[in-house]
Amino acid sequence: MSIQDRPPESIDPLADGWRRPRGPRSGYRVDAWVALALAVGTALSLMLTRSAGIMDDAPGWLAALWVALIALPLAARRRWPEAVALVVSLVFGVFGSMGVNDPLFSSICLYVAIYSVGAWSHHRTVARWTRLGIIASMFVWLFWTLLEHANQATAIPELSREGFFSPYAAYGLLQVLINLVYFWAAYHFGDTAWQAARRSDALETRTRELAAERERTATQAVTLERVRIARELHDVVAHHVSLMGVQAGAARRILDRDPAAAARTITVIEESARTAVEELHTMLGALRADENDCEGAQPAHQSTSTRGVDQLAELALETTNAGLPVRVQVIGDPRPVPGTIGLSLYRIAQEALTNTRKHAGAGATAEVRLRYETDAVELEVTDTGRGARTGAAGGEPGAAGGTSGGPGGGLGQRGMRERIAAVGGSLELANRPRGGYLVRARVPLASPQSGASSERISTELDRNEHDMSTGAQS
């Protein structure tokens, strides 16, 4: 569909091809009343002109026809401006040549007709040439009339024709100047009205776009917060509940033969439950805080949790107490890590170790390496679990990677990818050649990507929302 065939509201008002909307039906009613008022005014002016003896006595039917043809077509000036302007100008010239004219309302009608072409025409090139053609024709008629009267002593006999710049020449020049101002005003103010309507439409369009953008931003913020809450709940609940389940099973098996060990195991369960409750309380407290309490707080995509890379040793000890031996190794010179990056790395390690406990099998061990590089920090979690290669090939569960073997499956893996994308890092999930699973997360510490993480979150929203809806079924 070409731009001319599209509705006006679908075209940018500042682009070529914009058409001024015709407006509501009330505008047509106003135009009809204006045309009727001009017809009444023209008829009254014509009667007064004839009574004063200024105009030749023309038949009454001819005068009535002139009144109707010069004024009533203006009722359609909004819908067919070019046709109305041509009719009015033709009536003005033809009947004027026949002596049926008045000095006031007929000029007003012609002015409105030319103005309407500039103000309402949908075809700007046609509008331009229509008006220029009418104006040129009027000036040709004016010059012809002045030349014709110059040779007739009975036409305006009080004006002398003697001399280079005679009174009649001054009169003719005055008529030219008056008509120049008259037609320039009709042309200029018609275009001005069209430009004003265009700017107004552009302003309304921009206002609608801003409102839609605000609505989209609000929707994105809600979606982002929903994803963040789901991710935090998954990390806290999955880790601590699975830990308590493992410990409860161990306590049940040794309760009869080793009550002391069972009591220690129950103590670990109690500590895990308390930690989970504290983290949930921290998160829900931040969600319930009002705007005044949150001034100066972290953005919504950040967490108020105090967990970070410094707590990896505690996480390893907690996991070891749950039955999975974990070794922590720090490589390089430790350096400050932003809270958001530290929390993301901690949650990735927590999810990896949780999945290792679930799927690695008996006798598996895990290792957590935190590597400080010149411009980045890297977290690597590996295990010695079973089923690495078959898991990648088609169905055997992996270990740290989640419940679906390949790098793309499982809500836990999705959470890892979302966290690492939020801080501008990269994530690698892979089966190890000799068995087990590898989770490697690398985040730049001094890079423009880190400063642009909030923009990256916005671009990930649509995919995250789809992943959340499908991943909730896993």
For the range 58-117, the spread of Cα positions along each principal axis, largest first, Å: 33, 18, 16
Dipole of the range 38-114 [Lys/Arg +1, Asp/Glu -1 at C-beta], most positive-end residue of L46, L65, L86: L86
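Read-outs: derived from the displayed coordinates by stated rules, not from any lab. None of these values were measured; they are calculated from a predicted model. Don't worry about glycine lacking a Cβ; one is built from the backbone with ideal geometry, like all the others, and counts go over all protein chains shown.
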